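First the structure, then my questions, so here it is.
Here, each number is a calculation from the coordinates, and none is a lab measurement. Since the structure is predicted, the reported quantities are computational estimates derived from the model, not experimental observations. We place every Cβ from the backbone using ideal geometry, glycine too, and count neighbours over all the protein chains shown.
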């Protein structure tokens, strides 16, 4: 999504840096709410999920037995 700012981005950053701490915190909260409100599309979710995958060889298959993981009999 392209944003049409009437001021350059660096000017916006400079203005935000001049805000008092309480107003900065308020702005941060508003941006967080806006960012979490916008949902990802299914395609974006899949792309995000696939971007986290790593291509690494499994050296040893993990055991399904509790005893092998914790060294006890489960009691």
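So what's the angle, to the nearest 10 degrees on a 0 to 90 scale, between helix 42-52 and the longest Cα principal axis of the chain?
Compared with the principal axis, the helix lies near 60 degrees.
Which ordering of 7, 54 is given by a fewest-first count of other beta-carbon atoms within 10 Å? Working shown, then result.
Details: 7 9, 54 4.
Ordered by Cβ neighbours within 10 Å, fewest first: 54, 7.
Using 1/(1 + (r/R0)^6) with R0 = 35 angstrom and r between the beta carbons of residue 28 and residue 69, what's the FRET efficiency to the nearest 0.05?
Calculated transfer efficiency: 0.25.
Roughly what angle does helix 21-37 make with the longest principal axis of the chain, taking Cα atoms, 0 to 90 degrees, to the nearest 10?
In the chain, helix 21-37 runs at an angle near 60 degrees to the longest axis.
Taking the chain as a Gaussian network, Cα atoms linked when under 10 Å apart, which of 57, 17, 29 shows the biggest mean-square fluctuation?
Largest GNM mean-square fluctuation: 57.
Do the sum for the chain: with -39,500 (n - 2.57) for every DSSP H run of n ≥ 4, divided by all residues, what is the mean residue ellipticity at 222 nm, to the nearest 500 deg cm²/dmol?
After summing the helix terms and dividing by residue count, I get -16500 deg cm²/dmol.
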